[in-house]
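Step one of this worksheet: look at the structure below.
The values are calculated or read from the model by the stated rules, or taken from the named source; none is laboratory data. From a predicted model like this one, the values you see are computed outputs, not experimental measurements. Virtual Cβ from ideal backbone geometry, glycine too; neighbours counted across all protein chains shown.
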Amino acid sequence: MKINYQPFLIAILLSIGSVTARADDQPIEIRKPTTYVVPVSISDFAGEVDSVLKFDLSVLGMEITSPDKAAYLITGSQNGRLEGRLTAAGANQPLWARAYAGGVARSQAHAFANDIAKEIRGTTPIFQSRIAFRLQEGASTEIAVSDFDGYNARVLTHDGTLVAGPCWIPGGRELLYTSWTGGGEEILAHNLSSGQRRVFANYPGANLSPEVSPDGQKVAMILSRSGSPNLWVCNIDGSGLKQLTRTRDDDSCPTWSPDSQEICFVCRSGRAELQKVSVSGGPARAVRVAGLYGNLTSPDWSPDGKWIAFASGSRNFTICVVPAEGGDAQRLVEGEDPCWAPNSRTIIFGRQVGNKRILCLLDVPTKHVKDVRQISGSCSEPSWAR
């Protein structure tokens, strides 16, 4: 679809007004467009730097175009270190000019893209963050980590068995996940630096879906030690185990509110629905999701607390979002296993392509989708380090 950029460009220029020269580290007031594709041009860069900038900015709903059609001009140079400038179309002076030194060219380009995205979109930087995911090759599955775009992928486990549900412990140095290495289900804690693992939970029956609270103090998980799979919570050291739900239904997929006080989860009693419960206990209550009638699964609470992303369907799933307090659901794109980025704008999710699964990045306001770098094997159950 051909987009008419003229109204967007006019609106942006009017909101900017006059631009004056300033020190590189001083902020500038700009109205940040959010819900439409922003045209930008990239000049003076080549090779990996050029490709990284184009990928990163397109992830946040920006379209690379020619300078005469762009709302922002991205220019600079690269020679051992990257020097970058961001200029609003029609302005005589750059909004800012910055230099990025140290590390490889790819890392410098990600840092430059982070600053551009913060200026234009007003978002938390995500381009130097990491993801964990489930990697399947043949009959076995392993846990892997990579940069957010799929580069620098590293397989952490080599057990040749089944694993599921990786989640990050805040700080990015450890993961929790379910493993069948010992013959039954157990939740393991895995140190990424040393490779050492320890058993976090190994109760009779199911030990599934660990999810660490944003404050790093507690872990929610699904255990069937009392019969049906129910929601339990404990301290980060494994102590203080407490049962939060007590039903004969199948509970699954816990996700924490940003203040670490509530947990949203899936309760299946016939049709699977979303429910919330306080971490201190009490009755669970349904999350109203209007406009959808299929099974709901895989909720993930946005870091800003405003939205819950989830998948809806049976055989084929659609990524949706609903206000955290409940309300009308928005259908976004086909896929499953959504997980919010730290910016509360981008979602990573999985989708089927041929006979394998790949990971994709969704810019929620514009519904723009980019595939991450193709990794050998099928990738699913992504978890974004926050």
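Look through 258, 283, 254 and report the one residue that is surrounded by 15 or more Cβ atoms within 10 Å (Cβ to Cβ), without any contact (Cβ under 8 Å) to a residue 60 or more places away in the chain and not in a strand (DSSP E or B). Let's see the steps before the verdict.
On the way: 283 fails: surrounded by 15 or more Cβ atoms within 10 Å (Cβ to Cβ); 254 fails: not in a strand (DSSP E or B).
Exactly one of 258, 283, 254 is surrounded by 15 or more Cβ atoms within 10 Å (Cβ to Cβ), without any contact (Cβ under 8 Å) to a residue 60 or more places away in the chain and not in a strand (DSSP E or B), namely 258.
In this structure, does residue 289 turn out to be touching a Lys or Arg at 6+ places or on another chain (Cβ under 9 Å), touching a residue at least 40 places away in the same chain (Cβ under 8 Å) and assigned by TED's automatic domain parsing to the domain that holds residue 198? Don't jump to the end; show me each part of the working.
On the way: touching a Lys or Arg at 6+ places or on another chain (Cβ under 9 Å): no; touching a residue at least 40 places away in the same chain (Cβ under 8 Å): yes; assigned by TED's automatic domain parsing to the domain that holds residue 198: yes.
Spelling it out, it is not the case that residue 289 is touching a Lys or Arg at 6+ places or on another chain (Cβ under 9 Å), touching a residue at least 40 places away in the same chain (Cβ under 8 Å) and assigned by TED's automatic domain parsing to the domain that holds residue 198.
Examine region 347-365 for a residue that is surrounded by 16 or more Cβ atoms within 10 Å (Cβ to Cβ), in the same structural domain as residue 149 (by TED's automatic domain parsing), part of a loop (DSSP other than H, G, I, E, B) and more than 16 Å from the chain's Cα centre (by Cα), and state whether such a residue exists.
no
Looking only at region 136-173, which residues are touching a residue at least 40 places away in the same chain (Cβ under 8 Å), within 26 Å of residue 60 (Cβ to Cβ) and either assigned by TED's automatic domain parsing to the domain that holds residue 56 or more than 15 Å from the chain's Cα centre (by Cα) (or both)?
Going through region 136-173, the residues touching a residue at least 40 places away in the same chain (Cβ under 8 Å) turn out to be 136-137, 143-146, 148-151, 153, 164-172.
Among the residues that remain, those that are also within 26 Å of residue 60 (Cβ to Cβ) are: 144-146, 148-151, 153, 166-168, 170-172.
Answer for region 136-173, where residues must be touching a residue at least 40 places away in the same chain (Cβ under 8 Å), within 26 Å of residue 60 (Cβ to Cβ) and either assigned by TED's automatic domain parsing to the domain that holds residue 56 or more than 15 Å from the chain's Cα centre (by Cα) (or both): 144, 151, 153, 171.
Does region 187-197 hold any residues that are outside any strand (DSSP E or B) and of a type in the set (A, V, I, L, M), and which are they?
Residues of region 187-197 outside any strand (DSSP E or B): 192-196.
Residue satisfying the conditions is 192 alone.
Can you name the number of the only condition in (1) among the small types (Gly, Ala, Ser); (2) modelled with pLDDT under 95; (3) closer than 21 Å to residue 328 by Cβ; (4) outside any strand (DSSP E or B) that residue 305 fails?
Only one criterion is unmet by residue 305, namely (2).
Mind counting the residues in region 330-346 that are under 9 Å from the mean Cα position of the chain (by Cα) and part of a strand (DSSP E or B)?
Here is the first cut: in region 330-346, the residues under 9 Å from the mean Cα position of the chain (by Cα) are 338-346.
When the remaining residues are screened for being part of a strand (DSSP E or B), the result is 338-340, 346.
Within region 330-346, residues that are under 9 Å from the mean Cα position of the chain (by Cα) and part of a strand (DSSP E or B) number 4.
Counting only residues that are touching a residue at least 40 places away in the same chain (Cβ under 8 Å) and in contact with a Ser or Thr (Cβ under 8 Å, 6 or more places away or on another chain), which one in region 292-306 is nearest to residue 214 (Cα to Cα)?
Start the filter on region 292-306 by keeping residues that are touching a residue at least 40 places away in the same chain (Cβ under 8 Å), which leaves 297-305.
If we keep only those that are in contact with a Ser or Thr (Cβ under 8 Å, 6 or more places away or on another chain) as well, we get 297, 299-305.
On the way: 297: 21, 299: 15, 300: 12, 301: 11, 302: 11, 303: 9, 304: 11, 305: 11 Å.
Restricting to residues being touching a residue at least 40 places away in the same chain (Cβ under 8 Å) and in contact with a Ser or Thr (Cβ under 8 Å, 6 or more places away or on another chain), the top hit is 303.
Which one of these is farther than 22 Å from residue 338 by Cα, modelled with pLDDT of 95 or more and not acidic (Asp, Glu): 155, 163, 145, 104?
That would be 104, the only listed residue that is farther than 22 Å from residue 338 by Cα, modelled with pLDDT of 95 or more and not acidic (Asp, Glu).
Kindly indicate whether any position in region 175-191 is outside the structural domain of residue 78 (by TED's automatic domain parsing) and closer than 28 Å to residue 62 by Cβ.
Filtering region 175-191 for residues outside the structural domain of residue 78 (by TED's automatic domain parsing) gives 175-191.
Filter again for closer than 28 Å to residue 62 by Cβ, leaving none.
No, there is no match, as no residue in region 175-191 is outside the structural domain of residue 78 (by TED's automatic domain parsing) and closer than 28 Å to residue 62 by Cβ.
Would you confirm, using the coordinates I've provided, whether residue 218 is over 25 Å from residue 130 (Cα atoms), assigned by TED's automatic domain parsing to the domain that holds residue 134 and touching a strand residue (DSSP E or B) at 6+ places or on another chain (Cβ under 6 Å)? So that I can check it myself, show each step before the final result.
Numbers: over 25 Å from residue 130 (Cα atoms): no; assigned by TED's automatic domain parsing to the domain that holds residue 134: yes; touching a strand residue (DSSP E or B) at 6+ places or on another chain (Cβ under 6 Å): yes.
So residue 218 does not fit the description; no.
Please identify the pairs in which a residue from region 370-384 that is within 12 Å of residue 142 (Cβ to Cβ) has its Cβ atom under 7 Å from the Cβ atom of a residue that is part of a loop (DSSP other than H, G, I, E, B), counting only partners at least 6 apart or on another chain.
These pairs meet every condition: 375/150; 375/153.
What number of residues within region 210-231 are over 22 Å from residue 305 (Cα atoms) and buried (at least 18 other Cβ atoms within 10 Å of the Cβ)?
The initial filter retains those residues of region 210-231 that are over 22 Å from residue 305 (Cα atoms), namely 222-230.
Filter once more, so that each one left must be buried (at least 18 other Cβ atoms within 10 Å of the Cβ): 222-224, 229-230.
Residues meeting the conditions: 5.
Which residues, taken from region 69-101, are outside any strand (DSSP E or B) and within 17 Å of residue 37 (Cβ to Cβ)? Please lay out each step first, then the result.
Within region 69-101, the first condition is being outside any strand (DSSP E or B), and the residues that meet it are 69-71, 79-81, 89-95, 101.
Matches in region 69-101: 69, 70, 71, 89.
Looking only at region 198-239, filter to residues that are in a loop (DSSP other than H, G, I, E, B) and without any contact (Cβ under 8 Å) to a residue 12 or more places away in the chain; which one of those is nearest to the chain's Cα centre (by Cα)? Break it down into steps so the answer makes sense when it comes.
Filtering region 198-239 down to residues in a loop (DSSP other than H, G, I, E, B) leaves 202-206, 213-217, 224-229, 236-239.
Narrowing further to those that are without any contact (Cβ under 8 Å) to a residue 12 or more places away in the chain: 237, 239.
Working: 237: 26, 239: 29 Å.
Among residues in region 198-239 that are in a loop (DSSP other than H, G, I, E, B) and without any contact (Cβ under 8 Å) to a residue 12 or more places away in the chain, the one nearest to the chain's Cα centre (by Cα) is 237.
From the set of residues in region 308-319 that are in a strand (DSSP E or B) and over 14 Å from the mean Cα position of the chain (by Cα), which is modelled with the lowest pLDDT? Let's see the steps before the verdict.
Taking region 308-319 as the starting set, the residues that turn out to be in a strand (DSSP E or B) are 308-313, 317-319.
Okay, now just the ones that are also over 14 Å from the mean Cα position of the chain (by Cα), so 311-313, 317-318.
Working: 311: 97, 312: 96, 313: 91, 317: 95, 318: 97.
Within region 308-319, the match that is modelled with the lowest pLDDT is 313.
Can you name every residue in region 35-91 that is surrounded by fewer than 16 Cβ atoms within 10 Å (Cβ to Cβ), charged (D, E, K, R), free of Cβ contacts under 8 Å to residues at least 40 places away in the same chain and within 30 Å of residue 349 (Cβ to Cβ)?
Scanning region 35-91 gives no hits.
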